[in-house]
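**Q** One structure, pasted below without further comment.
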Amino acid sequence: MISRGKRIRMDDVPMEYSYYMNDNIQDDVDVVEGGTGQRMTRLRARGGVPTKPPIIDIDEDDEDIFMTGGQRKRKIPKPPKEKIEREPRAPRVRKEREIVEKEPAEERIVKEREITTDENSLFWILRYSKNTITTIVDEWIENYKADRDSALISLMQFFINASGCKGKITPEMQISMEHTSIIRKMTEEFDEESGEYPLIMAGQQWKKFKTHFCEFVQTLVKQCQYSIIYDQFLMDNIISLLTGLSDSQVRAFRHTATLAAMKLMTALVDVALLVSINQDNAARQYESERLKAAHDVSEERLESLMAKRQELEENMDEIKNMLTYLFKSVFVHRYRDTLPDIRAICMIEIGIWMHKFSSNFLDDSYLKYIGWTLHDKVGEVRLRCLQALLPLYENEELKGKLELFTSKFKDRIVAMTLDKEYEVAVHAVRLVIKILKIHQDILTDKDCEIVYELVYSSHRGVAQAAAEFLNVRLFVIDPSVESYTKRGKKRLPNTPLIRDLVQFFIESELHEHGAYLVDSFIESNPMIRDWECMTDLLLEEPGHGEEAMDTKQESTLIEIMVSAVKQVALAEPPIGRGSNRQKTLTAKETKQVQDDKQKLTEHFIQTLPYLLEKYSADNEKLINLLSIPQYFDLEMYTTLRQEASLKFLLDKITHIISINTDREVLEACAKTVEFLCTEGSAIYTQCDVARSNIIDESVNRYKEAIDDWRNLIAGEEVPDEDEIHQVCISLKKVSILYSCHNLNPWNLFSSLFQDIEEYLNDHSHEKSIPIEALIYCVESCFFSISWGIASLESSFESSALVLTAEELRRNLDKYMTACNHLIKSADLPIKEAAYISICDLLVICSANLGKHTNRYVQMMEHRPTDEQKELLINFVKTYVFSSRYDEVQDETRIEELHKKRSHLAAYCKLVVYNILPTTAACDIFKYYIKFYNDYGDIIKTTLGKTRENSKTNCTMTMCMSLKTAFEELQNYTAPDKISRSSQEFSDLKELAKRFALSFGLDAIKNREVVTALHRAGILFATQNYNSDDTNPPQNILFLEVLNEFTNKLLKQDKKVVLNFLDRRCSMSSMTSSYSDDWQPLLNYRNSLLHGETDQATTPVVVNKKVYGRKGKKNQPGDDEGDD
């Protein structure tokens, strides 16, 4: 703030407000100074004004705002009242609460308490009457005209009741007591235990009441705007009461009065606008009359118009006086209230005043309050500030008044685009867009770059808002620019925009987030769907004066184009964007998606083959382009009579498969052919023929290559590099095609498995096929068995299937046996392939097959042997939970980590699906802490799923993991004892703590399993212990680990566990030979005797607000949790 005569420093946050910008906001404290007769307000508690109540005196540092011509505006005087001695108040007997039957629509759990039972009170009428608010206000006005004192009391009583107070204002109190005394007396009536009051109470009925409350205040002013508000009685008393209540220590009074006062100001602003219009009309009428010819001028009319002008000016002064008083008495103190809801109300309403009555409120001296509150620590309040500013920046006429504010708070607004509250960030970006439109030069390049990067935000709203900013600043079509291709075709208008988008993406250096960039622009910029413009840039040669796109730009454009095709066809945001819940499209949206899909299909049916032809030698581009047909509407080939284009596409795919050796390209081809061969489509026959030709060619090449290899080996010759390459490439293509298409009709299993057998029989591996080729053999055999089982499941049971099923069962058994041997003795890449195959086949051939109706399918059930279980867990421990790749480069480490995570997930899947027993996860759980960064999410999910399967098994597996880890630590430190201060033991306790946290807060649900865990832990800690021994048990330190679970026990269960502990290891043994070695037992016993229980067995009770009574002091902590 400022003192008189100094320039406004809007960017300096007032010292008293900085208190609310950190994480130290404390709740209000209800304190009554005993002996001074003064309330301990927040200002006095902070050493502020000691005697002057801030609600009366205008702050000196804001004086210049409210000065006109050097004179302070008139304050509303309070009517004089006589002070009388109060009678001693007799102790009040607490009444039983009335039980009110809940309304059917109400969803409250607790019984509703009635604040008043007076059916004639405004509070009761507003809640239960079916009359309109205008009718209720008109009835009150009639009562006011008949008896203004009683009507005023009913209105004051309404504000008291609306605060949740049952106190009653009597005529005697109104006559004999000041408003401050009345408020103090009403404060004493807050004897309810609940801290709730109407404005914060849940339920549809109370939300409706809050709406009616605001509407009532505004309608009251509107209906009284022509006379009653100027009678210096109603408004003086109401403003005096609301001002006093808004400064109360009672949160309910403060919140309700602030809302009423702010709505009162908003209603007065509306009145002021109407008076202003009437003033202008009266001035025009007066001038028109005055300028008439002398013989036509009516002096009486002039005097009448002058009197009307003076009356309107007096009314305007009176209204402005009320607004000024309310602003200084309520807003200036409540905009920094400890309650976020109150601060939010202030920001909402000041935005309305500035928008409606900009001539009075849109001034730097008012704007600074919004600017300071932009730093509020509560997201809702920051959001209300931005929402207040947005309408102001939308009005071109107001931009001159916003220049100083914009220059001072621009940096803060730009910084808010990175707000942790996404809704705040969205509104901040929208506000930056408005600023850009009216103050184009105020944003620096650095400011803009902050917003640019938000198009890659994980939050869709923020990203789309940032895209709007880019549309305004960068992606604007210039109609004067025209360009042509080399053959004279005119470039489309979006061409320069797409070039800019490509360059923007390249400069962002986030080349794995093309889908995010597309999602940001797809709803706001039509260039994302301009397929012709994109393909022209790729296919057409640049014309005169055009710059040709380099390889990187072409790859980027293709990535953007394919991401757009995918999103348009599927109508789904990319993974990581949007809600996890599946959005159900409306009929109109579904029709739009289908139309968009048909448009892209119609375009790419003709252009895609040419794109594949042009970029057939560039694998990176091919991978993206080959995925486009997967989003086609296949029926368009026949409806548009584009069979020739389909043949062209299939020929190109066939050619790519025949000449290409890149795995990702071949996989993309296989998936696309699989989609094109969708059964039931009109083009199925043509595509199936092409697929058969592709498979025939690949199988023939494999057979030729493997025959040549075997002939060379049989002739004791050594294959050369070309022959080795042919074997590897042919097997790679067979394996990749097998993953998407059923190659079993070509009878390849015997030949493929022969290579695996030869590898196992040849211990020197000199005559075996290369490791890479063997991996493809392992994968292909897996796919062969999988397709065989799938064929059995889709076939009707018949005698013809007997031989097929028996052969498939033999193949399954010998393949499983071979994989077991490969895991034992093969090289690591082969072990990994065998491991994944076993895990996947165990899932496919699980016990579910045994329940199938087809008995031949039942034959395929395979359960893991003990040998397999041991092989799998040993593989995981050896190759997953190791640090072999810590010294390699980052890219290799990431690739290896991804592979290890896949291996761990494959094993955990077996546990989750109950293919392996839960105890098989024991050796997985013990690594939870040590490998938390790498596998924490996988292990945590496994832990949760196994608990869903069986709480008991999961809990005992946890205990087993802890015991195993403890024993390993013992062996590691042997012959010394485990040090309680060692890092290894701390990690073990941290593991136990994580396990304990996984039980949640419901101690009753987990009662049995937690007790069983303690029992098992005690048995382990005291095993091989004799009560006659003077030395502590060997595993006594395990009790400190077990101690982490004591807060999950119910109090009665703690006694049971303590008794069991005493039977296993009595206190007499410890007392007879006490040493530090017994300390774990003592700590564990103490936690069972005195420890707190972490549970939520009873309904959570909200902290009760204790309202201060006269002559009492409330403790500082009484109000915690309310505000």
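**Q** Name the residue that is farthest from Glu532 (Cα to Cα), counting only residues in region 605-637 that are in a helix (DSSP H, G or I), aromatic (Phe, Trp, Tyr) and open to solvent by less than 50 Å² (accessible area, probe 1.4 Å).
**A** Tyr637
**Q** Filter region 755-800 for residues that are open to solvent by less than 30 Å² (accessible area, probe 1.4 Å), among the hydroxyl-bearing types (Ser, Thr, Tyr) and either in contact with a Leu (Cβ under 6 Å, 6 or more places away or on another chain) or outside any helix (DSSP H, G or I) (or both) and give the result.
**A** The answer is Tyr759, Ser768, Tyr776, Ser780.
**Q** Please verify whether region 874-896 includes one or more residues that are modelled with pLDDT under 90 and of a type in the set (A, V, I, L, M).
**A** Scanning region 874-896 turns up at least one residue that is modelled with pLDDT under 90 and of a type in the set (A, V, I, L, M).
**Q** Looking at Lys909, Lys877, which one is touching an Asp or Glu at 6+ places or on another chain (Cβ under 7 Å) and either surrounded by 20 or more Cβ atoms within 10 Å (Cβ to Cβ) or not aromatic (Phe, Trp, Tyr) (or both)?
**A** Lys877
**Q** Considering region 964-986 alone, what residues qualify as being modelled with pLDDT of 85 or more and surrounded by 14 or more Cβ atoms within 10 Å (Cβ to Cβ)?
**A** Hits for region 964-986 are Thr964, Ala965, Phe966, Leu969, Gln970, Glu984, Phe985.
**Q** Report yes if some residue within region 212-232 is closer than 13 Å to Ile160 by Cα, under 44 Å from the mean Cα position of the chain (by Cα) and part of a helix (DSSP H, G or I); otherwise report no.
**A** Let us first name the residues in region 212-232 that are closer than 13 Å to Ile160 by Cα, namely 213.
If we keep only those that are under 44 Å from the mean Cα position of the chain (by Cα) as well, we get 213.
Imposing the further condition that a residue be part of a helix (DSSP H, G or I) reduces the set to 213.
Within region 212-232, one or more residues are closer than 13 Å to Ile160 by Cα, under 44 Å from the mean Cα position of the chain (by Cα) and part of a helix (DSSP H, G or I).
**Q** Given the conditions (1) in a helix (DSSP H, G or I); (2) under 22 Å from Leu991 (Cα atoms); (3) in contact (Cβ under 8 Å) with a residue 12 or more places away in the chain, report the number of the one that Asn933 does not fulfil.
**A** (3)
**Q** Here's a follow-up. Take the residues of region 937-952 that are without any contact (Cβ under 8 Å) to a residue 40 or more places away in the chain and of a type in the set (A, V, I, L, M): which is surrounded by the most Cβ atoms within 10 Å (Cβ to Cβ)?
**A** Among them, the one singled out is Ile939.
**Q** Only one residue in Ile498, Ile442 is touching a residue at least 24 places away in the same chain (Cβ under 8 Å) and either within 30 Å of Gly545 (Cβ to Cβ) or more than 35 Å from the chain's Cα centre (by Cα) (or both), so which one is that?
**A** After applying the criteria, what remains is Ile498.
**Q** Ok, one more. Out of curiosity, is Thr324 assigned to a helix (DSSP H, G or I), under 30 Å from Cys165 (Cβ atoms) and open to solvent by 10 Å² or more (accessible area, probe 1.4 Å)?
**A** Yes; evaluated as a whole, the condition is true for this residue.
**Q** Across region 484-515, which residue is modelled with the lowest pLDDT among those that are exposed (fewer than 15 other Cβ atoms within 10 Å of the Cβ) and assigned to a loop (DSSP other than H, G, I, E, B)?
**A** His511
**Q** Continuing with this model, one more query. Picking from Ala548, Ala515, which residue would you name as being touching a residue at least 12 places away in the same chain (Cβ under 8 Å), hydrophobic (A, V, I, L, M, F, W, C) and in contact with a Pro (Cβ under 7 Å, 6 or more places away or on another chain)?
**A** It is Ala515.
**Q** Right, next: If I ask for residues that are within 46 Å of the chain's Cα centre (by Cα) and open to solvent by 10 Å² or more (accessible area, probe 1.4 Å), which ones from region 147-158 would you list?
**A** Gln157
Conditions (1) among the basic types (Lys, Arg); (2) part of a loop (DSSP other than H, G, I, E, B); (3) under 21 Å from Val455 (Cβ atoms); (4) modelled with pLDDT under 95, marked per residue:
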position	(1), (2), (3), (4)
Leu398	no, no, no, yes
Lys401	yes, no, no, yes
Ser407	no, no, no, yes
Arg412	yes, no, no, no
Thr417	no, no, yes, no
Val424	no, no, yes, no
Val429	no, no, yes, no
Val432	no, no, yes, no
Leu436	no, no, yes, yes
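**Q** Let me ask something additional. Determine which member of the set Glu716, Glu697 is of a type outside the set (A, V, I, L, M), under 21 Å from Leu626 (Cβ atoms) and either open to solvent by 20 Å² or more (accessible area, probe 1.4 Å) or part of a helix (DSSP H, G or I) (or both).
**A** Residue meeting the stated conditions: Glu697.
**Q** Surrounded by 17 or more Cβ atoms within 10 Å (Cβ to Cβ) and touching a Cys at 6+ places or on another chain (Cβ under 8 Å), is that true of Leu872? Don't jump to the end; show me each part of the working.
**A** Numbers: surrounded by 17 or more Cβ atoms within 10 Å (Cβ to Cβ): yes; touching a Cys at 6+ places or on another chain (Cβ under 8 Å): yes.
Yes, satisfied.
**Q** Hey, among Leu841, Leu897, which residue is among the hydrophobic types (A, V, I, L, M, F, W, C) and either within 20 Å of Asp923 (Cα to Cα) or touching an Asp or Glu at 6+ places or on another chain (Cβ under 6 Å) (or both)? I'd like the intermediate steps shown before the answer.
**A** Numbers: Leu841 fails: either within 20 Å of Asp923 (Cα to Cα) or touching an Asp or Glu at 6+ places or on another chain (Cβ under 6 Å) (or both).
Sole residue among the options that is among the hydrophobic types (A, V, I, L, M, F, W, C) and either within 20 Å of Asp923 (Cα to Cα) or touching an Asp or Glu at 6+ places or on another chain (Cβ under 6 Å) (or both): Leu897.
**Q** Suppose the filter is free of Cβ contacts under 8 Å to residues at least 40 places away in the same chain and either open to solvent by 10 Å² or more (accessible area, probe 1.4 Å) or polar (S, T, N, Q) (or both); does Asp707 pass it?
**A** Working: free of Cβ contacts under 8 Å to residues at least 40 places away in the same chain: yes; either open to solvent by 10 Å² or more (accessible area, probe 1.4 Å) or polar (S, T, N, Q) (or both): yes.
For Asp707, the condition - free of Cβ contacts under 8 Å to residues at least 40 places away in the same chain and either open to solvent by 10 Å² or more (accessible area, probe 1.4 Å) or polar (S, T, N, Q) (or both) - is met.
**Q** Would you point out which residue out of Glu793, Glu797, Glu772, Glu766 is farther than 22 Å from Leu871 by Cα and touching a Cys at 6+ places or on another chain (Cβ under 8 Å)?
**A** Details: Glu793 fails: touching a Cys at 6+ places or on another chain (Cβ under 8 Å); Glu797 fails: touching a Cys at 6+ places or on another chain (Cβ under 8 Å); Glu766 fails: touching a Cys at 6+ places or on another chain (Cβ under 8 Å).
On inspection, the qualifying residue turns out to be Glu772.
**Q** Let me confirm something: among Thr180, Thr256, Thr243, Thr266, which residue is in a helix (DSSP H, G or I), polar (S, T, N, Q) and open to solvent by 20 Å² or more (accessible area, probe 1.4 Å)? Even if it seems obvious, please write down each step before you answer.
**A** Numbers: Thr256 fails: open to solvent by 20 Å² or more (accessible area, probe 1.4 Å); Thr243 fails: open to solvent by 20 Å² or more (accessible area, probe 1.4 Å); Thr266 fails: open to solvent by 20 Å² or more (accessible area, probe 1.4 Å).
Step by step, each of Thr180, Thr256, Thr243, Thr266 is checked, and only Thr180 is in a helix (DSSP H, G or I), polar (S, T, N, Q) and open to solvent by 20 Å² or more (accessible area, probe 1.4 Å).
**Q** Something else now. Please name all residue pairs, on different chains or six or more residues apart, with Cβ atoms under 8 Å, provided the first residue is in region 877-899 and is under 19 Å from Asp937 (Cβ atoms) and in a loop (DSSP other than H, G, I, E, B) and the second residue is at pLDDT 90 or above and hydroxyl-bearing (Ser, Thr, Tyr).
**A** As it stands, the answer is Phe881/Tyr927, since those pairs meet every condition given.
**Q** State whether one or more residues within region 161-172 are surrounded by fewer than 18 Cβ atoms within 10 Å (Cβ to Cβ) and assigned to a helix (DSSP H, G or I).
**A** yes
**Q** Which one of the conditions (1) without any contact (Cβ under 8 Å) to a residue 60 or more places away in the chain; (2) closer than 26 Å to Leu640 by Cβ does Phe604 fail to meet, given that it meets all the rest?
**A** (1)
**Q** Answer yes or no: is there a residue in region 721-729 that is modelled with pLDDT under 95, more than 17 Å from Pro770 (Cα to Cα) and either assigned to a helix (DSSP H, G or I) or out of contact with any strand residue (DSSP E or B) (no Cβ under 8 Å at 6 or more places or on another chain) (or both).
**A** no
**Q** Name, by its number, the condition in (1) open to solvent by 40 Å² or more (accessible area, probe 1.4 Å); (2) of a type outside the set (Asp, Glu); (3) within 18 Å of Lys732 (Cα to Cα); (4) free of Cβ contacts under 8 Å to residues at least 40 places away in the same chain that does not hold for Ser658.
**A** So the condition that Ser658 fails would be (1).
**Q** Filter region 839-856 down to residues that are at pLDDT below 90 and either open to solvent by less than 70 Å² (accessible area, probe 1.4 Å) or outside any helix (DSSP H, G or I) (or both), then give me how many there are.
**A** Residues that pass the stated criteria total 8.
**Q** For region 541-592, which positions are surrounded by fewer than 15 Cβ atoms within 10 Å (Cβ to Cβ), of a type in the set (Val, Ile, Thr) and assigned to a helix (DSSP H, G or I)?
**A** Once the filter is applied, which keeps residues that are surrounded by fewer than 15 Cβ atoms within 10 Å (Cβ to Cβ), of a type in the set (Val, Ile, Thr) and assigned to a helix (DSSP H, G or I), region 541-592 yields Thr551, Thr590.
The values are calculated or read from the model by the stated rules, or taken from the named source; none is laboratory data. As the structure is a prediction and not an experimental result, all values here were calculated from the model. Cβ atoms come from the backbone with ideal geometry, glycine included; neighbour counts cover every protein chain shown. Keep in mind that these areas ignore ligands, DNA and RNA; they rest on the heavy atoms of the full protein, side chains included. Shrake-Rupley method; radii C 1.70, N 1.55, O 1.52, S 1.80 Å.
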